[in-house]
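Notes follow the structure.
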């Protein structure tokens with residue numbers, strides 16, 4: 001009897017997997033949602049080992065993969081539907097394999113159609129050139145009648161019926177080809193990520209999916225099943241023994257149901273049979289769930305294996321009713337838990353057909369109480385000193401659970417905090433001043449180490465008018481992006497001391513630094529551009545070009561959009577900024593050129609568009625490559641700028657000034673808190689609304705600006 005049961009199990013398992021290509025061996029196909037998407041994306045990226053040229057590579061690949069199954073002297077034309085007997089060559093479904101069009105009059109000839117239109121990608125598919133991916137990805141290119149290719153142009157795909165053609169919202173590929181189109185767009189999304197979002201190329205809604213897939217393509221994937229013609233293309237491209245094969249496959253041709261597993265929507269055909277088998281019996285409920293090896297942040301969980309009529313493939317572990325993780329073994333460790341906390345643990349078993357058992361009876365597990373403070377930070381060091389800033393670094397502390405952050409103190413006063421980074425940039429300091437720097441480590445429950453040994457950090461003498469700063473910002477169409485940096489210091493500056501960074505979408509950390517190079521003489525500017533820019537003026541004025549080959553990081557940090565702050569750093573110290581760090585996704589300079597007003601003589605770490613910048617329409621580049629300063633560098637108003645008392649414990653601070661000042665107060669992340677105008681008579685600011693902490697006050701006159709720090713206690 002045992003032998004008969006084992007034989008039955010093997011037969012059933014074989015029937016599930018007989019049609020699953022070996023290409024997918026080793027992948028966890030039980031995954032769903034974005035997790036499955038990521039696994040498949042990694043596979044097709046890693047196996048795309050042969051990059052084809054657009055010419056002649058794609059021509060030759062198409063002649064091999066798109067051969068008419070009933071006539072090897074022809075290729076099939078996407079969007080076509082007629083056999084050539086009606087006298088209208090523009091709707092033909094077949095064309096002679098050698099009747100290609102490389103230019104000129106193309107009536108009755110075929111060329112190469114980018115199904116995911118080149119210009120609908122962001123950046124364009126040809127941003128890195130026309131050889132190799134993504135522009136020359138054979139999974140996205142199909143033979144097409146030349147006039148039909150032109151008629152489609154870059155129209156988005158939209159709902160229609162019958163034969164191909166323009167519809168009110170865009171382009172309908174035809175009933176025969178809509179499934180092909182859907183599966184090609186799905187492939188491009190996995191292969192090239194956010195550069196090829198389905199929302200860029202189709203008219204539909206993504207509200208029902210976990211990302212930017214749209215309902216249009218999910219429906220087309222169901223309505224038009226995979227054809228043998230699509231399979232012939234896939235088979236050719238996996239075999240790198242074929243000269244013009246890429247090495248990777250389109251997973252959604254192999255099994256359209258994968259799209260349903262990732263994005264939901266209508267249920268597509270399961271050509272492998274692993275998701276729609278006749279197996280409807282769930283595994284037994286896991287038993288003997290046990291919690292052991294409790295720490296302040298983790299619990300070990302084990303259980304007795306479930307049984308199933310076919311076979312158990314995975315277990316899902318639920319913590320307080322929420323799915324925490326899934327494993328294939330009968331034990332796991334739950335980490336990143338809170339200390340001194342009780343959790344209810346349940347386990348459910350699943351089989352290959354996705355049948356799930358009921359959850360096991362809840363078993364409680366309690367983490368240990370965390371009373372141990374982290375170790376004291378060591379090797380505190382100061383670097384990158386300027387007149388208003390310096391950088392602090394230290395060696396990481398350790399903890400019995402986890403270090404969750406560090407507090408940085410100047411002269412015993414809290415300056416700011418980090419999460420797990422072991423560096424902190426301080427700005428808004430006073431020139432020629434020494435500060436005692438200490439650092440404390442802390443954990444999630446508030447245990448704090450003792451302070452590190454004090455280290456002195458001393459700012460340089462005042463460098464007002466003696467530092468580089470941004471003088472122009474161009475956020476143009478496409479990749480026409482440039483930054484201009486001016487030197488009016490009176491001295492030649494070594495640019496290798498400086499770097500550029502951006503903050504994506506106004507949140508998160510600064511990007512990887514892009515180091516500048518060369519020497520910049522006084523009175524001159526340096527222009528840094530995105531390597532995929534095409535504007536003639538930008539190209540002519542470029543001094544430094546940040547490479548952009550059409551793949552990540554797309555010329556970062558010169559790939560900013562209107563909501564990406566851009567910073568000029570002297571090593572790790574921020575000295576000038578366009579935009580507000582952590583300012584969120586609001587566009588402050590989208591499709592805009594900003595030019596620094598000629599009255600500006602130096603950098604500032606607080607962005608003041610109204611007083612320091614002039615705004616111009618998109619693609620205004622006529623002034624790029626020069627900056628003229630008209631401001632006096634000898635204004636003693638700013639040199640004698642004083643704040644008192646500092647620290648302030650009352651409700652007002654006084655400003656010593658001989659002229660009218662525009663004053664703004666910012667917190668340490670650059671958010672403006674207060675603003676006003678002061679003069680010799682009205683020289684106080686009401687700060688009663690400010691909470692205790694460190695603030696930066698920025699004062700401007702018609703001849704310049706100065707920033708100083710003060711403390712509210």
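None of the figures in this text is laboratory data; all of them are computed from the coordinates on show. Quantities reported herein were computed from a predicted structural model and do not represent experimental measurements. Reconstructed Cβ throughout: ideal geometry from the backbone, glycine too, with neighbour counts over all protein chains shown.
Data table
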| quantity | calculated |
| --- | --- |
| Projected-area mean, the chain, by convex hull of Cα positions, square nanometres | 39.1 nm² |
| Average Cα contact separation per residue, the chain, under 8 Å, 6 or more apart, as relative contact order % | 7 percent |
| Cα-based shape type of the range 62-117, given that a ≥ b ≥ c are square roots of the gyration tensor eigenvalues and the cut on a/c is 1.5 | rounded |
| Equivalent ellipsoid semi-axes, the range 529-634, via Cα gyration tensor eigenvalues times 5, rooted, Å | 23, 18, 15 |
| Ratio of Rg to Rh over the range 363-515 (Cα coordinates, Kirkwood Rh, two decimals) | 1.09 |
| Cα shape, the range 34-76, gyration tensor, a/c 1.5 rule | oblate |
| Taking the range 287-366 and dividing mean pair separation by its residue count, relative contact order in percent (alpha carbons under 8 Å, at least six apart) | 33 percent |
| Added length on full extension, which subtracts the Cα-Cα distance from 0.36 nm per residue, residue 63 to residue 534 | 166.2 nm |
| Cα-based radius of gyration of the range 469-617 once divided by 2.2 N^0.38 Å, which approximates compact folds | 0.95 |
| Simple spin-label estimate for residue 375 and residue 288 in nanometres, 7 Å along Cα-Cβ | 4.1 nm |
| Full-extension gain in nm, residue 280 to residue 615, via 0.36 nm per residue minus C-alpha separation | 114.1 nm |
| The range 245-338, Cα convex hull volume normalised per residue, Å³ | 178 Å³ |
| The range 17-263 pair-distance distribution - Cα-Cα, 10 Å bins, rounded % | 8, 33, 39, 18, 3, 0 |
| Net length gained if the chain between residue 517 and residue 400 were fully extended (0.36 nm per residue, minus Cα distance) | 37.7 nm |
| Length-normalised contact order for the range 519-618 - Cα pairs under 8 Å, 6+ apart - percent | 18 percent |
| Rounded to 10°, Cα long-axis angle of helix 33-46 versus longest principal axis of the chain | 80 degrees |
| P(r), alpha carbons of the range 378-458 - 10 Å bins starting at zero, rounded % | 19, 54, 22, 5, 0 |
| Equivalent ellipsoid, the range 311-397 (semi-axes from 5 times Cα gyration tensor eigenvalues, Å) | 45, 18, 11 |
